[in-house]
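The values are calculated or read from the model by the stated rules, or taken from the named source; none is laboratory data. Note that this is a predicted model, so its numbers are computed, not measured. Methodologically, a virtual Cβ is constructed for each residue, glycine included, from the backbone with ideal geometry; neighbour enumeration extends over all protein chains shown. Accessible surface is based on the protein model in full, side chains and every heavy atom, while ligands, DNA and RNA are left aside. Shrake-Rupley method; radii C 1.70, N 1.55, O 1.52, S 1.80 Å.
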Amino acid sequence: MGAPSAPGAPGASTPDEPWPVRVVSQKVSAWIAKLGWVWVDGQVAQISRRPGSGTVFITLRDPAAELSLTVTTSHEVLSVGAPELSEGARVVLHAKPEFYAARGTLSFRADEIRQVGLGELLARLEKLKRLLGAEGLFARERKRRPPFLPQRIGLITGRASAAERDVLTNARRRWPAVDFRVINVATQGVSAVPQILDALKVLDDDPTVDVIVIARGGGSVEDLLPFSDEALCRAVFACRTPVVSAIGHEEDTPLLDYVADVRASTPTDAAKRLVPDLAEEQRLISLARHRLDRAVLHRLDRESQRIEAWRSRPVLARPHVMIDQRASEVVALRDRGERTLGHRLATAANELSHTLARLRALSPAATLQRGYAIVQRTADGHVVRAADEAGPGTPLRVRLATGSLSAVVTDDSAAGATTPKPRKSRKDSA
């Protein structure tokens with residue numbers, strides 16, 4: 001939806017009826033003027049007081065981004081609100097945006113400027129500290145331990161600074177073969193945070209860098225403000241590579257110290273934390289080897305004494321005695337087994353003889369031997385147990401202890417009973 005046309009201006013802009021530059025400038029100025037007066041917080045990147053002019057030109061930048069605005073004000077406003085304003089100071093100003101159609105530029109006109117004092121800066125830092133802490137940026141469980149011996153160390157520090165010299169000199173003194181990738185940046189002022197962020201990204205993307213160190217010497221609270229910047233703290237938190245903070249002295253604690261994986265009190269302390277001391281490690285290795293040698297020798301002596309004690313025992317001094325004892329036990333056990341087996345066999349043979357005798361005494365053959373006979377009908381082999389089972393003339397077979405007889409039943413009236421009449425005899429094997 002287009003903006004309302006300026007008085008006397010043509011209607012909608014078209015390829016056939018474009019707006020003149022003056023109309024576009026008027027419309028842009030009208031839209032910008034709608035923003036009205038606003039309070040702006042920023043850092044002074046540049047201030048220009050032109051002699052003979054009542055106007056002061058200020059370049060105001062965002063501490064966390066490469067963005068800046070041009071602000072104009074009067075000497076009277078500046079002398080009332082911030083008479084000692086200098087580059088790098090933090091200010092809060094009340095301004096209104098203005099579009100200069102003649103130059104096609106945008107600037108802010110300020111009618112009130114307040115320089116942020118140390119107390120207010122500290123209050124802002126404390127508020128930011130609570131915010132980042134609540135989001136978990138300071139949590140101990142997410143902090144990573146740098147490697148014991150990094151392959152390569154990334155160093156972000158000022159050019160030819162004492163911090164750079166302290167880190168490099170002390171690290172190489174402790175471990176001469178240590179390798180550094182150094183990126184020099186501004187460590188204070190308006191360009192410090194963007195340069196540190198760019199260097200941090202370069203080192204974090206370098207696969208050969210195992211740990212990153214951000215180092216700076218001491219300074220005032222204002223000088224160390226870049227290391228408490230919210231954007232820098234979040235960038236360090238997002239790094240995949242462990243980060244060591246070595247800012248200022250022991251008493252200096254920018255917010256970067258809380259976010260970093262390791263906090264070093266000074267750049268020299270960072271060098272001690274980065275690499276081990278070669279001389280100390282050699283001493284420890286020598287001490288460990290000496291202790292290991294003593295432990296091995298002590299173990300050998302103890303085992304030798306144990307072997308000597310074993311050799312002095314009778315079982316090893318005269319081992320044939322044990323063999324003889326075991327041989328005697330084997331012979332005794334064998335004799336006992338033979339006797340037991342012979343006794344069991346004799347008992348079994350005796351029981352078998354008695355069983356055989358009882359079996360023979362109870363067998364039908366033994367009964368026949370005593371003179372008894374078995375009478376059967378010849379026709380069906382039925383054993384005759386009573387006289388009425390075989391009528392007169394019935395052929396019979398009489399089995400004896402040895403052989404058998406054939407007979408026929410006859411009628412004997414004198415005896416009153418039926419008696420068999422022998423017919424023919426034959427001899428069978430029992």
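What are the residues whose amide H is under 5 Å from the amide H of Asp179, where those residues sit 5 or more places off or on another chain and H is modelled from the backbone?
Sorted by chain and number, the residues that satisfy this are Ile153.
What share of all Cα pairs of the stretch 115-162, in percent, falls into each consecutive 5 Å distance bin?
5, 14, 11, 11, 14, 21, 15, 6, 3, 0
Test of understanding: express the Cα radius of gyration of the chain as a ratio to 2.2 N^0.38 Å, with N the residue count.
The value comes to 2.80.
How about the stretch 123-181: which chymotrypsin sites (Phe, Trp or Tyr not before Pro) there are in a DSSP loop, with at most 16 other Cβ atoms within 10 Å of their Cβ?
In loop regions of the stretch 123-181 (DSSP not H, G, I, E or B), the sparsely surrounded chymotrypsin sites (Phe, Trp or Tyr not before Pro) are Phe148.
What does the accessible area per residue of the chain come to in Å², with a 1.4 Å probe and no ligands, DNA or RNA counted? Numbers along the way, then the final one.
Values: 27070 Å² over 430 residues.
With all protein chains present, the chain gives 63 Å² per residue.
Accessible area, 1.4 Å probe, largest first: how do Ser79, Ser406 sort?
Ser79, Ser406
Cα-Cα over 28 Å: which of Lys27/Lys96; Lys129/Lys201; Lys96/Lys201; Lys201/Lys272; Lys143/Lys201?
Lys96/Lys201
Among Thr347, Thr157, Thr169, determine the one that fluctuates most according to a GNM of the chain built with springs between C-alpha atoms less than 10 Å apart.
Judging by the Gaussian network model, the answer is Thr347.
Given DSSP loops and a limit of at most 13 other Cβ atoms within 10 Å, what is the longest stretch of the chain that contains no such trypsin sites (Lys or Arg not before Pro)?
Answer from the scan: 241-369.
Mind ranking Val40, Val244, Val331, Val21 by accessible surface for me, highest first, 1.4 Å probe?
The ordering from most to least exposed comes out as Val21, Val331, Val40, Val244.
What are the ³J(HN,Hα) values, in whole Hz, obtained from phi via the Karplus relation 6.51 cos²θ - 1.76 cosθ + 1.60 with θ = phi - 60°, for each residue of the stretch 80-94 in sequence order, with x given for Gly and Pro?
6, x, 8, x, 10, 5, 9, 5, x, 6, 8, 9, 10, 10, 9
Sort the stretch 275-372 into rounded, prolate or oblate with this rule: let a ≥ b ≥ c be the square roots of the eigenvalues of the Cα gyration tensor; rounded if a/c is under 1.5, and if a/c is not under 1.5, prolate when a/b is larger than b/c, oblate otherwise.
oblate
Specify which residue in the list Ser13, Asn184, Phe57 is farthest towards the positive end of the charge dipole of the chain, using unit charges on the beta carbon of Lys, Arg (+1) and Asp, Glu (-1), about the Cα centre.
About the Cα centre, the residue reaching furthest to the positive side is Asn184.
Rounded to the nearest 500, what is the chain's calculated 222 nm mean residue ellipticity when only DSSP H runs of at least 4 contribute -39500 (n - 2.57) each, over all residues?
-13000 deg cm²/dmol
Please work out whether the stretch 180-277 counts as rounded, prolate or oblate from its C-alpha gyration tensor, where a ≥ b ≥ c are the square roots of the eigenvalues and a/c under 1.5 means rounded, while otherwise a/b larger than b/c means prolate and anything else oblate?
Here the stretch 180-277 falls in the oblate category.
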